[in-house]
1. Please list, in order along segment 56-63, the HN-Hα scalar couplings obtained from phi with the Karplus expression 6.51 cos²θ - 1.76 cosθ + 1.60 (θ = phi - 60°), rounded to whole Hz, x for Gly and Pro.
2. Assuming R0 = 45 Å, what is the FRET efficiency of residue 351 and residue 47, from their Cβ-Cβ distance, to the nearest 0.05?
3. Write down the Å³ per residue value for the convex hull defined by the alpha carbon atoms of segment 106-209.
4. Taking the simple approach of a point 7 Å from Cα along Cα-to-Cβ for both residue 225 and residue 324, what is their distance in nm?
5. Could you work out the equivalent-ellipsoid semi-axes for segment 159-201, taking the square root of 5 times each eigenvalue of the Cα gyration tensor, largest first, in whole Å?
6. Under the 0.36 nm per residue contour assumption, what length would be gained going from the current alpha-carbon distance of residue 88 and residue 296 to full extension?
7. Test of the criteria: in segment 221-317, which GluC sites (Glu not before Pro) are in a DSSP loop and have at most 10 other Cβ atoms within 10 angstrom of their Cβ?
8. Give me the percent of Cα-Cα pairs in the chain that sit more than 25 Å apart, rounded to a whole number.
Amino acid sequence: MTKKEKKDVFNFYSSDDQEKKDSTKIVLITGGAGFIGSNFIRYLMKQYPEYKIINFDKLTYAGNLNNLTLIEEDPNYVFLKGDAANPEDVKNVFEQFSPNFVVHFAAESHVDRSILNPDIFLQTNVLGTQILLSYSREYNVERFIQISTDEVYGSMEKNISCNEYAKLAPNNPYAASKASADLLIRVAHQTYGQKVNIIRACNNYGPYQFPEKLIPVIIYNALNNKELPIFGDGTNIRNWMHVDDHCRAIDLVLHKGRSGEIYNVGADNEWENIKLVKHILKELKLPDDLIQFVIDRKGHDFRYSLDSSKIKQELGWKTTIDFKDGIKQVIDWYKSHLDWIEEIQSGEYMKYFERVYKERIVEQD
Ligand code: NAD
Ligand code: DAU
């Protein structure tokens, strides 16, 4: 099959309307079956109905095509199973679709898993990013967006925030793998002149988040009368942003960001973990007695805090979803999607869950 015929999967060339053709972009989304990636695909398809979306995902434990049932029949959407760390898989997708844009979400994303098994984090998050960058260069991708994290800056004391020039100081294998990938993005720009951006976001919450992250673990366990594990004394601080606000930031950077720039995307919405958990319980109208303090995460970062003035000033981004409204909406979503969580909780997941939490349980007074 020629390249043109392959693109016809999308009837890309079938329109006679040149203006429409010119405004159409082929967007390769990696990791689109995960939490943020699947929310971004839905967001992008709504905002840019003419775009053609390729979702390239390995479908690890965290990749779930049930996250995309609302759009899977759309003629502008294609799913391709593949591994970002496998050059053959990546070559195949570039050969077939020659994307204009790449938005790179695919990653091993959970800190506790990285402490148990760092190797796969290096494989996917570092090598996978380099392979995607190399093919993006070969196929003249117009913009490569690296979805990074506030964790690359390491832990912050209270009242300190960091801008994009702060030093990288990751403290866990996940964060180190993301920081390494960010450096490869920088190199792609400095050495080869590739058009790239890095977006470093704070903690996201929203629908379709895998129930290993704090908010879905708490909601799901509370609804099922299970213990609510709080690491350490619960005073660690995270900054929470609705995933839709993150999607809006990615859209702005993809279309208007200055090439080579890093953009921090934080919500100015800090919560101590224990206070957040109590707030969720209050919303659920459930008592606090299921809370169980467990042995702390190794190398547990105390707090992350981003100075996001740059994206606000340059691109006019701001958060639009008030946390107390957003969390209510997300709690309702989980309540009405308990089957979604139950399907996920396969044997493999339960084994992980037991391994991570079993050794952590400490007797309480
Ligand atoms: P997730 O774990 O929910 O999803 C990751 C997706 O990547 C899954 O669909 C998985 O199947 C896929 N994947 C994993 N390895 C792959 C590989 N080798 N090849 C192809 N696909 C692969 O993660 P998420 O929470 O949606 O995070 C997405 C991105 O955003 C990550 O890069 C993460 O570092 C970053 N990020 C997440 C947050 C957050 O709060 N969740 C905050 C800031 C940045
Ligand atoms: O800050 C951005 C990062 O946020 C992303 O880059 C990561 O991909 C994402 O996983 C997330 O990392 P965190 O480690 O901050 O998120 P997590 O939901 O795992 O934990 C949030 C806080 O809650 C953290 O201080 C640890 C604590 N925690 C977590 C779990 C899962 C608990 O106390 N109990 C738990 O069971």
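1. Working through the residues one at a time gives 10, 8, 7, 6, 6, 3, 8, x Hz.
2. Working: r = 39 Å, r/R0 = 0.87.
The calculated FRET efficiency here is 0.70.
3. Per residue, the Cα convex hull of segment 106-209 comes to 120 Å³.
4. 3.1
5. Numbers: eigenvalues 88, 37, 13 Å².
Ellipsoid semi-axes (Å, largest first): 21, 14, 8.
6. Working: separation 208, 0.36 × 208 = 74.88 nm, distance 4.04 nm.
This chain segment gains 70.8 nm when fully extended.
7. On the way: sites: 227, 261, 270, 272, 283, 314; in loops: 227, 261.
Taking segment 221-317 and a limit of 10 other Cβ atoms within 10 Å, no loop GluC sites (Glu not before Pro) are found.
8. Numbers: 35735 of 66430 pairs.
Tail of the P(r) past 25 Å holds 54 percent of the pairs.
Read-outs throughout are calculated quantities, based only on the coordinates presented, and are distinct from any laboratory measurement. A quick note: this is a predicted structure, and the numbers were derived from the prediction, not measured. All Cβ positions, glycine included, derive from the backbone under ideal geometry; neighbour counts span all protein chains shown.
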